[in-house]
Amino acid sequence: MGHEIIRMTDIVKNYFIGLPNELHILKHIDLTVREGEFLSIVGASGSGKSTLMNLIGVLDRPTSGTYVLDGTPVGKMTDDQMSGVRNRKIGFVFQTFNLIPRNDALKNVELPMLYAGMASGTRVRRAEELLELVGMGDRMHHQPNELSGGQKQRVAIARALANDPPILLADEPTGALDSETGRLVMDLFHRVHEKDGKTIVLITHNPELAAETERIVTLKDGAVVSDRAAEGKAVGRQCS
Amino acid sequence: MFLKENIQLAVAGLKSNRMRSFLTMLGIIIGIGSVIAIVSIGGAVTASVSDTMAGIGANMIQVYVTPREAQNTTTNVTVGGNNMDESDLITSDQIGSFQRKFADEISAVSLEEDVGVGKVQDGHRYANISAVGANPGYREVSNVKMLQGRFLQDRDVKAGRRVAVVSDKLVSNMFRSRENPLGREVSMNASGWEETFTIVGVYKFERSGMMGGAASADKDVRTQMYIPVSVAKEQARYQNYLYFSLKTKSVTDSQAFSKKVDKYFSKIYADNSKYTCRSYDMENMMSSVTSVMNTISIAVAAIGAIALLVGGIGVMNIMLVSVTERTREIGTRKALGARSGYIRAQFIVEAVIICLIGGVIGVVFGILLAWLGVTLIGMKLTVSVPIVLISVGFSMLIGVFFGYYPAKKASRLDPIEALRYE
């Protein structure tokens, strides 16, 4: 196992801070993820897993506690600094794909590289490679509305890999897909994990998907109630 | 910031929603179009007026008898008021002694008496004319270019001879091409006055901007027929003169000389309680034309500004709608690492592109409109390149101004909220 890529210490997230009905969403979370791990965060809705994902993904700041991402403390950054960290360190995969409309698959994959300031030629070449990798090489110039759900999610994964970030953060990536295409997407994650050694954090409420990962962190009412190695992790290996 | 990508993005966005984009642009199109149209038409009219005036000559001064209360306005010259008396007008003796006194500065004095419009006819041949009584000085002051024969002379005026100087147009209408018109007689009927005149000279007719209407066919064009002023006076209501014009020897002194003329005639009219004399030089007249044009321009600029303001608000409105519609997209972009400056630039560029395209369409539309208007009144269209550039630049500025607020709003969206937006 590699070094600690995510280290969250005593993370608290409250909403309506200072008001009488202050909400305590995350209560003193400690979470450490090593480089190359494939872990899932599970929990019922309202357990705080979305809030935790937003914090891991540097979309939000904790109320208190420290978060060191790949050696960089990110708790007190400005919005633009946070944008920069997301751009370089995190590859997002969303449940609803969130491809940019009116931009073809290639342009969508180029986007994080554009924000990173990469030159146009390099950008296009890398985007083409990534689309080939996810098996979308023949649909590079299709608009999102011309793609099926599974195809969209594959483009989204290619986009998440664009800047070669150390972490992929996937929020219910198969939630909007049927079981067959969902299987294909999961296989893609396994492949990326095994071939490139990417750290993958999968947020899900589906125990079957969680069982495919190496480690399952269970949240309940804003606290980690279980953190264990998954028993059936061999299942994913067989499929890939 | 990522200008090329932003422009491509904006154009793709506009294309995907053509009708809405067009309606958004309409305010800008109308604003820019109306400004371009009026400025171009105004430019054509001003150019035409100055052409006409330059044709008359910059060193020309006109002297009018004017009512005392109106003497400070240049635009409201009452010519031939009903309560005028023969003694209120300028006599030819007064003009003669005036001319002798300033002989060093005056190159010619022109007297004229309008007879009216009519035609000369010989069987089925005819020519439209406007009969004007003139003295020999008329030729120099009004720049009449002789082709054949001579202009009217002092002896024609003194003897009241029935002679006429006609245009080459009249000649081509009335005579066969080889015929010598000099010495030929023509029968004129103008304002009910029938008289026969002997042609002594032919001048070259020049269509000037103001007088040559586009409507009349070449054959029917009305040209002036000059007859001795004394002959015209036989039919006139007043024997003395309501006005006369003169040409100074030097162009630069005409304004100064105009003041001397005023002084000279105000002495003569000192005892007249109702009327006085006032001189107008061309610069004076030009400035009154210019001031009318300026007033019109300001009015149109105000209308254009209002249209552009309304157009700009329309652009802002549609940009706000666009920001709301694309909330998720903005959230995604932020999640992927877009800084707020980039999001702001993206929306400002889009607003600028809308306004730029609107501005360009507006310019084309305005020029077409101006061309139509100018062609209808028979003038030539001149498009001012600086005005076009300023208009397009200004419409882009509107894009920046009215696009800024929606863009700012977009850039400040919280990525978590935006990603959750349905």
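The values are calculated or read from the model by the stated rules, or taken from the named source; none is laboratory data. Note that the coordinates shown come from a computational prediction; the quantities given were computed from them, not determined experimentally. Every residue, glycine among them, receives a Cβ derived from its backbone with ideal geometry; neighbour counts consider all protein chains shown.
Applying the criterion of at least 1 residues that are of a type in the set (A, V, I, L, M) and within 40 Å of the chain's Cα centre (by Cα) to the helices (runs of 4 or more DSSP H) found wholly in segment B:304-414 leaves B:340-376, B:385-411. Which residue is nearest to B:A236 (Cα to Cα), if the candidates are limited to segment B:116-140 and must be in contact with a helix residue (DSSP H, G or I) (Cβ under 8 Å, 6 or more places away or on another chain) and β-branched (V, I, T)? Among them, the one singled out is B:V132. The set of residues in segment A:124-172 being of a type in the set (G, A, S) and within 9 Å of A:A105 (Cβ to Cβ) consists of A:A127, A:A158.
Taking the condition of being in contact with a helix residue (DSSP H, G or I) (Cβ under 7 Å, 6 or more places away or on another chain), without any contact (Cβ under 8 Å) to a residue 24 or more places away in the chain, among the hydrophobic types (A, V, I, L, M, F, W, C) and more than 9 Å from chain B (Cβ to nearest Cβ), how many residues in segment A:107-127 meet it?
Within segment A:107-127, residues that are in contact with a helix residue (DSSP H, G or I) (Cβ under 7 Å, 6 or more places away or on another chain), without any contact (Cβ under 8 Å) to a residue 24 or more places away in the chain, among the hydrophobic types (A, V, I, L, M, F, W, C) and more than 9 Å from chain B (Cβ to nearest Cβ) number 1.
The set of residues in segment A:115-149 being in a helix (DSSP H, G or I) and surrounded by 21 or more Cβ atoms within 10 Å (Cβ to Cβ) consists of A:Y115, A:R123, A:A127, A:L130, A:L131.
Scanning segment B:322-355 for residues that are facing chain A (nearest Cβ under 7 Å) and of a type in the set (G, A, S) yields B:A335, B:G337, B:A338, B:S340. Considering only residues in segment A:73-100 that are of a type in the set (K, R) and closer than 13 Å to A:L168 by Cα, the one that is nearest to the other protein chains (Cβ to nearest Cβ) turns out to be A:R86.
Of the residues making up segment A:83-101, not a single one is in contact with a His (Cβ under 7 Å, 6 or more places away or on another chain) and either in contact (Cβ under 8 Å) with a residue 40 or more places away in the chain or within 30 Å of A:L31 (Cβ to Cβ) (or both). Total residues in segment A:128-159 satisfying the condition of being over 23 Å from A:H193 (Cα atoms) and without any contact (Cβ under 8 Å) to a residue 24 or more places away in the chain: the figure is 2. Against the test of being in contact (Cβ under 8 Å) with a residue 12 or more places away in the chain and within 29 Å of the chain's Cα centre (by Cα), the options B:V165, B:V157, B:V109, B:V120 yield a single qualifying residue, B:V109.
In summary, helices (runs of 4 or more DSSP H) completely within segment B:138-245 and bearing 2 or more residues that are within 30 Å of B:T276 (Cβ to Cβ) occur at B:154-159, B:229-235.
Here is the figure for segment A:151-184: residues that are surrounded by fewer than 22 Cβ atoms within 10 Å (Cβ to Cβ) and over 20 Å from A:P112 (Cα atoms) total 11.
Residues to consider are A:S240, A:S179; find the one that is out of contact with any Lys or Arg (no Cβ under 8 Å at 6 or more places or on another chain) and at pLDDT below 95.
After ruling out the rest, the residue left standing is A:S179.
Criterion first (within 14 Å of another protein chain (Cβ to nearest Cβ), crowded, with 20+ Cβ neighbours inside 10 Å, touching a residue at least 60 places away in the same chain (Cβ under 8 Å) and closer than 21 Å to B:V11 by Cα) does B:A410 satisfy it? Against the criterion (within 14 Å of another protein chain (Cβ to nearest Cβ), crowded, with 20+ Cβ neighbours inside 10 Å, touching a residue at least 60 places away in the same chain (Cβ under 8 Å) and closer than 21 Å to B:V11 by Cα), B:A410 qualifies. In segment B:6-30, which residues are farther than 11 Å from B:I318 by Cβ and either polar (S, T, N, Q) or not assigned by TED's automatic domain parsing to the domain that holds B:S340 (or both)? Hits for segment B:6-30 are B:N6, B:Q8, B:S16. Among the residues of segment B:143-162, those identified as within 9 Å of B:V200 (Cβ to Cβ) and crowded, with 21+ Cβ neighbours inside 10 Å are B:L152, B:D156. Cβ separations smaller than 8 Å between residues 6+ apart or across chains give the following pairs from segment B:1-28 residues that are at the interface with chain A (Cβ under 9 Å from one of its Cβ atoms) to residues that are at pLDDT 90 or above and not in a helix (DSSP H, G or I): B:L9/A:N103; B:A12/A:N103.
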